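The values are calculated or read from the model by the stated rules, or taken from the named source; none is laboratory data. These figures come from a predicted structure and were not determined experimentally. Neighbour counts are summed over all protein chains in view; Cβ atoms, including those assigned to glycine, are modelled from backbone coordinates with ideal geometry.
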Ligand code: IMP
């Protein structure tokens, strides 16, 4: 039994929650390795619905859950999420939740900057979640972040704040914003330190021990490969590496720990925020996908843009992330379409591409080349075996496998955990 790494293979919101919950219930440890509380994972367990943004999904079932150093941590958001879960009867204690001491913190000044920039960007805005994710990562690589371990040394904060405030005050002044209230920031940090510190530990050691003992670890990715800062639709991306290759650097383990890389893939395509989206549908079909798929963002409530399945992008995601197999989700949303389309290439003028060109202007200009297939009228909702799927739906899945050059490991046919067609068990493969 090896480890499993779950990542989104599109622009996020692929329906990771259900699959991750199923895998988390069989893992010994669940690890987040990038992103922050910009993520939104919905877990449906029996009659209860849990919405997680920052906490690893294992937390709901009491599985040891790790927030790795590759995550940017908003300590106040953490407190709110922990308290909300506790209100739903979930135990969140230092026995279950382990936070890397080296996690950079998201501070209120990061949220400020995120919003100031977005508001000033007009049509060019990224459409971020405004949670300070990007500015916090900038301070990390700029070597001026305050990290979880610094909360244990409040007396030594001044030189760190000097570096941080000098940088941010210049930026804020440029936006006509007031300078940082340093005393208030210090007091806020001192206040939240007592909440965060009991969870802080050298998680790289826990991971090393888990490896030596042959424990099963689930690495839980957030967002999706097309939002990766290197491999995504730059600059309309998030500020972390969302590819599977990030697990090592983002948690303190070796790259070989990834195990089976499961890419979560929606049977059509959605995106929140700005940026290129070659197969976007701004017609009745797009509206229908949005309505049937309940395509509203978990974090911001924004309506998601919808379009046909883009095999070019998913093939690219599978390649850059080393995806072993995919979990295809929400196929039932396509039930009842007379025809369904799959994008198999792009065109700009006379030039045909079998990948998404890297330049933002080219990405905005590509025209999708479609392959059209007959749809199916019977329902796929709740199917648990291939035999329960209409023949045309099976053809659609098989064609996707062929085009993305990656096998389907499971097909999810409703938010309920058992409504799944299991082809190969990622933990057993
Ligand atoms: P940021 O991560 O808040 O900086 O936002 C950057 C881009 O990533 C925006 O287009 C967001 O809509 C998108 N994004 C961030 N997190 C998620 C997510 O969990 N699902 C889908 N899109 C996301």
Problem set entry | The one condition in (1) touching a strand residue (DSSP E or B) at 6+ places or on another chain (Cβ under 8 Å); (2) assigned to a helix (DSSP H, G or I); (3) surrounded by 18 or more Cβ atoms within 10 Å (Cβ to Cβ) that residue 164 fails to fulfil | (1)
For this session: Only residues in segment 234-247 that are touching a residue at least 60 places away in the same chain (Cβ under 8 Å) and on the phi < 0 side of the Ramachandran plot count as the first member; pair them with residues that are assigned to a helix (DSSP H, G or I) and more than 6 Å from the ligand (Cβ to nearest atom), Cβ under 6 angstrom, at least 6 apart or cross-chain, and list the lot.
Result: 239/137; 242/225; 243/225; 243/320; 243/321; 244/258; 244/321; 247/258
Seminar exercise, completed: When restricted to 145, 115, the only residue outside any helix (DSSP H, G or I) and either within 16 Å of the ligand (Cβ to nearest atom) or under 19 Å from residue 69 (Cβ atoms) (or both) is 145
Exercise. Conditions: (1) modelled with pLDDT of 95 or more; (2) touching a helix residue (DSSP H, G or I) at 6+ places or on another chain (Cβ under 7 Å); (3) outside the structural domain of residue 52 (by TED's automatic domain parsing); (4) surrounded by fewer than 22 Cβ atoms within 10 Å (Cβ to Cβ). Residue 92 meets all but one. Number of the miss?
Worked result: (3)
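Please report, ordered by residue number, the strands (runs of 3 or more DSSP E) entirely within segment 314-429 with at least 1 residues that are assigned by TED's automatic domain parsing to the domain that holds residue 293 and surrounded by 18 or more Cβ atoms within 10 Å (Cβ to Cβ). Working first, answer last.
Values: elements: 325-329, 339-348, 351-353, 367-374, 408-412, 420-422.
Those strands (runs of 3 or more DSSP E) span 325-329, 339-348, 367-374, 408-412, 420-422.
Kindly check whether there is at least one residue in segment 299-310 that is outside any loop (DSSP other than H, G, I, E, B), buried (at least 20 other Cβ atoms within 10 Å of the Cβ) and more than 16 Å from the ligand (Cβ to nearest atom).
Let us first name the residues in segment 299-310 that are outside any loop (DSSP other than H, G, I, E, B), namely 303, 305-307, 309-310.
Of the ones still in play, those that are also buried (at least 20 other Cβ atoms within 10 Å of the Cβ) are 305-307, 309-310.
Cutting the leftovers down to more than 16 Å from the ligand (Cβ to nearest atom) gives us 309.
Yes: segment 299-310 contains one or more residues that are outside any loop (DSSP other than H, G, I, E, B), buried (at least 20 other Cβ atoms within 10 Å of the Cβ) and more than 16 Å from the ligand (Cβ to nearest atom).
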For this session: Mind listing just one residue for me: the one in segment 258-274 that is modelled with pLDDT of 95 or more and in a loop (DSSP other than H, G, I, E, B) and, of those, nearest to the ligand (Cβ to nearest atom)?
Result: 268
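Here's the yes/no breakdown for (1) outside any loop (DSSP other than H, G, I, E, B); (2) modelled with pLDDT of 95 or more; (3) within 15 Å of the chain's Cα centre (by Cα):
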| position | (1), (2), (3) |
| --- | --- |
| 173 | yes, yes, no |
| 185 | yes, yes, no |
| 210 | yes, yes, no |
| 222 | no, yes, yes |
| 232 | no, yes, yes |
| 247 | yes, yes, yes |
